[in-house]
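Remarks on the structure that follows.
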């Protein structure tokens with residue numbers, strides 16, 4: 001079960017908000033692995049593990065504690081580990097406040113943790129693959145530098161910009177420039193690796209050294225009177241890196257260059273965008289490391305929040321499919 | 001990075017990682033330069049290429065994360081098991097990137 005840390009740090013109102021606030025009370029960091037009993041009382045946190053075997057031992061440890069306090073609402077001490085089991089942090093005693101909660105949400109009640117989406121939003125994912133020297137997709141797809149997926153949503157307001165640009169397409173060629181916001185939504189999430197290496201350079205403590213997105217649209221005739229296709233063609237070149245002035249402060253260092261050629265289509269039915277399909281291919285250079293952590297040699301679980309070192313220089317491919325979201 | 005760790009705590013550890021054929025796109029990538037306009041892929045071909053890129057059998061997808069805390073607590077009581085919470089930052093709860 002996954003919870004957004006933003007909600008753990010700023011819990012919503014209501015029953016779940018109170019449960020999240022109780023969980024957050026003992027958090028050692030804004031992100032990590034937390035375990036709770038059936039009443040929402042924290043059993044143990046851990047931000048990392050000595051090795052892979054230690055993860056299993058952590059689960060055994062938590063399961064054993066659960067057997068003792070499965071339904072307890074008081075005197076449940078929250079254990080905390082920087083790294084299980086070798087680096088323990090101080091325990092946090094129970095607040096001894098029992099939080100009453102129902103079995104489920106009422107029929108007209110929405111879960112505050114659910115993701116809301118406006119009807120008509122274009123919703124879907126970008127999928128990216130790193131290619132090996134033979135041009136084949138790299139294996140070990142559990143690693144984001146080899147295989148990535150990310151959510152893309154384009155709100156209706158941005159879609160309207162696209163449709164307006166299409167309306168103003170030159171009469172002779174039927175071509176136009178894809179509006180900046182629309183193109184940005186497609187291109188900027190398309191990169192390998194974790195969130196922290198976004199090449200657009202918009203993250204805190206990062207800089208952009210090059211930002212070029214040039215996508216054009218060309219209206220394509222179809223056999224269906226209510227359907228218009230727009231062929232998308234163009235290229236992008238995003239280069240970002242850690243702001244050098246902060247590398248000495250926190251030790252993190254990364255750089256990421258992604259240059260892609262784009263091709264695909266936007267489908268419009270009855271004057272509404274119903275689908276986007278796009279592919280991209282190009283070159284990518286990604287380096288992620290830490291000046292002190294032994295990210296190249298230590299087991300991944302030891303630096304669970306930061307992962308291992310990455311040094312990728314090769315070809316990559318991307319595919320995007322977005323569809324119009326309809327309310328249930 | 002968490003998701004590179006989590007597969008090993010799932011019962012699916014022994015499932016071999018599947019190397020998917022990413023369709024024609026990878027093959028096309030070997031040949032630099034855009035094709036002539038007449039040979040450019042159709043809408044259907046692009047959609048097909050995108051569809052083949054998704055790896056269904058990727059290890060982290062097999063952990064069935066819940067999103068409602070109340071449902072999780074109910075399942076904990078029913079199954080007599082503790083809950084693991086993956087606390088992460090900023091992203092929508094159903095986003096794969098971390």
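Would you mind giving the mean number of other chain beta-carbons within 10 Å of the Cβ of each residue in A:141-152, as a whole number? Intermediate values should be presented prior to the final figure.
Numbers: counts 10, 12, 4, 7, 1, 5, 10, 2, 9, 5, 6, 1.
Going residue by residue through A:141-152 and averaging, the value is 6.
Quick check: pseudo-label points 7 Å beyond the Cα along Cα→Cβ at residue A:29 and residue B:45, how many nm apart are they?
4.7 nm
Can you classify chain A as rounded, prolate or oblate using the Cα gyration tensor, where a ≥ b ≥ c are the square roots of its eigenvalues, rounded means a/c under 1.5, and otherwise it's prolate if a/b beats b/c and oblate if not? Write down the numbers at each step before the final one.
On the way: a/c = 2.68, a/b = 1.54, b/c = 1.74.
Here chain A falls in the oblate category.
Kirkwood hydrodynamic radius (Cα pairs, Å) of the range A:1-155?
Values: mean 1/r = 0.0543 Å⁻¹.
Kirkwood radius, the range A:1-155: 18.4 Å.
Once you order the gyration tensor axes a ≥ b ≥ c over the Cα atoms, which shape class does the range A:175-328 get: rounded for a/c under 1.5, otherwise prolate or oblate by comparing a/b with b/c?
On the way: a/c = 2.80, a/b = 2.35, b/c = 1.19.
Cα axes put the range A:175-328 in the prolate bin.
Pull up the DSSP beta bridges for the range A:2-89 and report the antiparallel fraction as a percent, rounded to 5. Walk me through the intermediate numbers first.
Details: 7 of 11 bridges.
Counting DSSP beta bridges with both partners in the range A:2-89, the antiparallel share is about 65 percent.
Multiply the residue gap between residue A:87 and residue A:10 by 0.36 nm, knock off their C-alpha separation, and tell me the result in nm, one decimal place. Don't skip to the answer; put the middle values down first.
On the way: separation 77, 0.36 × 77 = 27.72 nm, distance 2.76 nm.
Once the chain is fully extended between residue A:87 and residue A:10, it gains 25.0 nm.
Simple spin-label model, 7 Å along Cα-to-Cβ: residue A:208 to residue B:54 in nm?
Each label point lies 7 Å from its Cα, and together they span 3.0 nm.
Tell me, A:69, A:266, A:247, A:42 in order of fewest to most beta-carbon neighbours within 10 Å? Please list the in-between numbers first.
On the way: A:69 19, A:266 28, A:247 16, A:42 23.
With the fewest neighbours first, A:69, A:266, A:247, A:42 line up as A:247, A:69, A:42, A:266.
Considering only DSSP beta bridges whose two residues both sit in chain A, what percent are antiparallel, to the nearest 5? Please report the intermediate quantities before stating the final value.
Working: 90 of 94 bridges.
Roughly 95 percent of the DSSP beta bridges within chain A come out antiparallel.
How long is the gain from residue A:292 to residue A:109 if the chain were fully straight, where each residue apart is worth 0.36 nm and the alpha carbon distance is subtracted? Working shown, then result.
Values: separation 183, 0.36 × 183 = 65.88 nm, distance 4.86 nm.
Stretched out fully, the residue A:292 to residue A:109 stretch lengthens by 61.0 nm.
Going by C-beta contacts inside 10 Å, put B:43, A:81 in order with the fewest on the left.
Values: B:43 17, A:81 23.
Taking fewest neighbouring Cβ atoms as first place, the list is B:43, A:81.
Each reported figure results from applying straightforward, stated rules to the coordinates on display, with no laboratory input. Quick caveat, the model's predicted, so the values are computed rather than measured. Cβ sites come from the backbone with ideal geometry, for glycine too, and all protein chains shown count toward neighbours.
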